[in-house]
Amino acid sequence: MYGSVPLIVRLLASSVSVANRAGKIVRDVMSKGELGIVEKGKDDYQTEADRSAQRCIVASLAAQYPNLKIIGEEDSLEDEGEVVSDWLVNEIDKEILKLQCPPNLQEVKEEDIVVWVDPLDGTSEYTQGALMLKRDPWERWKMYLTHPFISMKWYLSLLQNNYGFLEHVTVLIGIAVNETPVAGVIHQPYYKNIVEGDKKIGRTIWGLHGVGVGGFTPAPPPESIVITTTRSHSNPVVEEALKVMNASKVLRVGGAGYKVLQLLEGNASIYVFASPGCKKWDTCAPEAILSAAGGKLTDILGNFYKYGANVTKPNKTGVLAAVNNELHSYALERIPEKLQETLANK
């Protein structure tokens, strides 16, 4: 039906619809109260929401675009049987279909594309939010006692925040062509807004190279330097990189998607993470959207990551991002050479 629309625009339109459905799955798992947490590795956890949302995304996109290479964070899910029909998304966002495809992307084929999926970016924040939705104080305390993410300090801070950090949670779908991110979707399942007088939950941000961004209102960076960085994976190297920025403020938030949203919406100027903690599925969509908005995302050395099918998944040399080239250059010039060498040699 939409064969005359260039593939990259159709794929972005499909990704927007699929991300919306995945976001509902994330909320549904939360509302049932059984998160099904399993440990994948040291300080690396997965919930039923991660697994279910990824199966929805991968199955839906694969059904529409059978020759796509799709790489998801939650590997080894192929043997879990058929995906329920309610999770298979056939709809395609009509507004995205109206976009004018840039000339350099009009002839892209499925075989040229790799889609990187993080079905739930901010698992720590998601599970902490689940704890705060337990209305019975005794139930909250029992969940805390068996919770892999929460220290006593965090538990007390959560008690002061009605829903923990659920706005930090995102669904990420990044689209790379010939190893370069060109389009992406960031969906926030718990974003609260008012549309035409009605309260809505959830929003979807998108970006396409040569076209721009949508789903939110871009804002200029703060007048002074404000840094956004990790709230749960810091170390001495990360802190050293922050100190040299001469920032007036540091925003410690969860998830790579949410950090880039801080840049896009004018809450922060620079995103600094001098650690190998991120993976390609964390940064593909955010990089594509940030770039479409005029920003820049690289590693701490100033090099772009490649997102081909056969690249290594970890972003071993950290993340450095900014809302424009000038701020990115400012940050890059201040990263000590010794710190860069430390990351490069890990």
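The values are calculated or read from the model by the stated rules, or taken from the named source; none is laboratory data. If you're wondering where the values come from, they're calculated on a predicted model, not measured in any experiment. Cβ coordinates were reconstructed from backbone atoms using ideal geometry, including for glycine residues, and neighbour counts include every protein chain displayed. These accessible areas exclude ligands, DNA and RNA; they are computed on the full protein's heavy atoms, side chains included. Shrake-Rupley method; radii C 1.70, N 1.55, O 1.52, S 1.80 Å.
Looking across segment 167-206, just one residue is in contact (Cβ under 8 Å) with a residue 40 or more places away in the chain, among the aliphatic types (A, V, I, L, M), more than 19 Å from D112 (Cα to Cα) and surrounded by fewer than 23 Cβ atoms within 10 Å (Cβ to Cβ), and that is I201. Within segment 43-67, restricting attention to residues that are open to solvent by less than 30 Å² (accessible area, probe 1.4 Å) and part of a loop (DSSP other than H, G, I, E, B), the residue that is modelled with the highest pLDDT is Y65. Scanning segment 228-263 for residues being open to solvent by less than 10 Å² (accessible area, probe 1.4 Å), modelled with pLDDT of 90 or more and of a type in the set (A, V, I, L, M, F, W, C) gives a total of 6. For segment 306-319, state whether one or more residues are closer than 23 Å to H209 by Cα, among the aliphatic types (A, V, I, L, M) and open to solvent by less than 10 Å² (accessible area, probe 1.4 Å). Yes, segment 306-319 has at least one match. Taken together, the criteria place E125 among residues that are modelled with pLDDT under 95, in contact with a helix residue (DSSP H, G or I) (Cβ under 9 Å, 6 or more places away or on another chain) and under 16 Å from E73 (Cβ atoms).
Being at pLDDT below 90, in the same structural domain as V18 (by TED's automatic domain parsing) and not in a helix (DSSP H, G or I) holds for only one residue in I173, I186, I201, I205, and it is I201.
Has segment 68-81 got at least one residue that is modelled with pLDDT of 95 or more and either farther than 22 Å from G255 by Cβ or surrounded by fewer than 17 Cβ atoms within 10 Å (Cβ to Cβ) (or both)? Within segment 68-81 (the criterion being modelled with pLDDT of 95 or more and either farther than 22 Å from G255 by Cβ or surrounded by fewer than 17 Cβ atoms within 10 Å (Cβ to Cβ) (or both)), the answer is yes, since at least one residue qualifies.
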